[in-house]
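The next block holds one structure in the form of structure tokens; read it before the comments.
The values are calculated or read from the model by the stated rules, or taken from the named source; none is laboratory data. Bear in mind the structure is a predicted one, so any value in this text is a computation, not a measurement. Note that we place each Cβ from the backbone using ideal geometry, even for glycine, and neighbour counts take in every protein chain shown. These accessible areas exclude ligands, DNA and RNA; they are computed on the full protein's heavy atoms, side chains included. Shrake-Rupley method; radii C 1.70, N 1.55, O 1.52, S 1.80 Å.
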Amino acid sequence: MNDAAPDTAAELAGLLSALVAIPSLSGEEQAVQQAIAAWFTDNGMTATLEPADGGLHNVVVEIAGTGPGPTLWIGGHCDTVSPAPDYSFDPHAPFVRDGRLYGVGAMDMKAGLACAMHAVRELHRCRSDWRGKVVFAALADEEAYSRGAKGFLARGRAIDAAIMCEPHFTGPSIGAIGKVNLKVVVTGRSAHGSTPHLGVNAVVEAGRLLAAIAGIERRPHPEYGVASHCVLNISSGERRYEIRVPDHCEFLVNWHFMPGETAEQAVALLTGLVGDLQSPASFAITIEPPRYDSFELPQHHPFVAAFAQSYAAVHGGPPSYEFCFGVSDANIFNANGIPTLLYGPGGANMHAADEWADLDQMLIARTVYLDLARRFLSTADTRTAR
């Protein structure tokens with residue numbers, strides 16, 4: 001699997017530049033997906049646009065080795081958030097300066113996607129050297145509801161392990177926090193605003209619960225610290241001016257949780273707070289999408305061990321794993337029984353103005369991907385235990 005092409009770095013930069021130049025907001029990834037599919041077609045591979053919910057699609061490429069063996073997934077999401085308003089340049093006019101490629105989505109995560117594409121092309125060229133299967137996917141909607149990942153997994157492919165090429169370079173992640181949105185609907189009783197004692201003010205009762213939520217002391221994880229929660233919005237009453245006690249109020253809580261915790265425990269906690277209020281209002285608490293369960297892979301897991309060997313071979317030392325305090329499609333994959341770790345080229349200013357990706361890290365990450373594939377897709381049929 002040696003790739004001695006002297007222009008690999010330049011080709012990676014060119015591929016990343018082409019991807020960044022194409023706007024691909026969540027739910028609007030069609031143009032960049034068509035470009036990705038065309039790149040694979042031009043390089044002698046079959047790329048399929050597979051449907052997902054909401055009229056979305058994923059780009060999927062499958063290549064097979066010389067015989068039976070494990071299946072390795074590699075890829076990530078191709079959507080981006082909206083460019084921040086304070087960019088100092090056109091966010092879709094990428095340029096290179098001092099080894100950095102600037103543009104929206106460069107770091108998160110079109111750099112990792114370009115590395116995966118390049119590695120898959122090399123694996124296709126030397127497919128007589130390995131066994132099993134490689135599956136690449138450019139997933140839609142990760143920045144919103146992960147409909148792409150869910151649609152991909154709904155097809156039921158047997159995948160033994162996956163590497164999500166997110167920007168976790170110096171600190172690869174084999175564990176991540178979970179997240180749900182908790183919707184709280186408070187129902188009171190309307191009355192004339194001049195006689196509020198005849199009604200039940202849903203806003204006031206919601207405020208009592210919000211104060212209780214603000215006072216929650218979360219139990220720390222023994223290794224990773226304390227998870228967070230944040231009230232995202234609140235709405236109530238009528239849109240037009242009326243002198244009436246509001247009988248409806250609702251708010252959304254963004255709730256993160258550590259390995260060993262569940263979303264259902266969060267609902268139970270808030271339900272207990274409601275009971276303590278002894279409120280005359282009624283409260284309905286539901287789990288709203290998107291849902292990401294937390295995960296934690298042991299370092300002795302066969303796939304993690306293989307990755308550690310590849311990382312050390314390329315970086316010159318063992319990986320120092322970091323717990324991921326954000327969620328991604330890796331949470332979705334792990335929740336579906338696919339051991340998935342996060343590793344890819346980094347940069348700076350993710351979800352902020354003047355985002356950039358480190359081109360040197362792209363070359364290194366690509367090398368790690370190829371070395372990991374060589375170890376994992378060995379001539380022996382050694383599938384990773386889930």
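Observations, loosely collected:
- Calculated log₁₀ intensity ratio I(q)/I(0) where the Debye formula runs over C-alpha points of the chain, q = 0.06, 0.12, 0.13 Å⁻¹: -0.28, -0.92, -1.04
- Ranking by accessible area, most exposed first, for 187, 71 with a 1.4 Å probe: 187, 71
- When you filter the GluC sites (Glu not before Pro) in region 19-97 for DSSP loop state and at most 16 other Cβ atoms inside 10 Å of their Cβ, you are left with 28.
- Between residue 71 and 133, 160, 161, the built amide H atoms are under 5 Å apart, and every one of these is 5 or more places off in sequence or on another chain.
- Three semi-axes describe the equivalent ellipsoid of region 286-386; taken as square roots of 5 times the Cα gyration tensor eigenvalues and ordered largest first, they are 25, 22, 11 Å.
- Of the GluC sites (Glu not before Pro) found in region 132-223, those that fall in a DSSP loop while having at most 15 other beta-carbon atoms within 10 Å are 217, 223.
- Taking every Cα-Cα distance in region 304-344 and sorting them into 10 Å bins from zero, the calculated P(r) comes out as 25, 48, 26, 1 percent.
- Radius 10 Å from Cβ of residue 323, net charge of other residues (Lys, Arg +1; Asp, Glu -1): -3
- Accessible area expressed per residue, region 190-287, with surrounding protein chains retained (probe 1.4 Å, Å²): 59
- In the complete set of protein chains, residue-level accessible area for residue 327 is approximately 40 Å², probe 1.4 angstrom.
- Over region 90-219, equivalent-ellipsoid semi-axes from the Cα gyration tensor in Å: 49, 21, 15
- Sites residue 97 and residue 170, calculated FRET efficiency, Cβ-Cβ separation with R0 22 Å, nearest 0.05: 0.50
- Filtered trypsin sites (Lys or Arg not before Pro), region 125-179: DSSP coil and at most 12 other beta carbons within 10 Å: 155
- Within the assembled protein chains, the solvent-accessible surface assigned to residue 320 is about 80 Å², based on a 1.4 Å probe.
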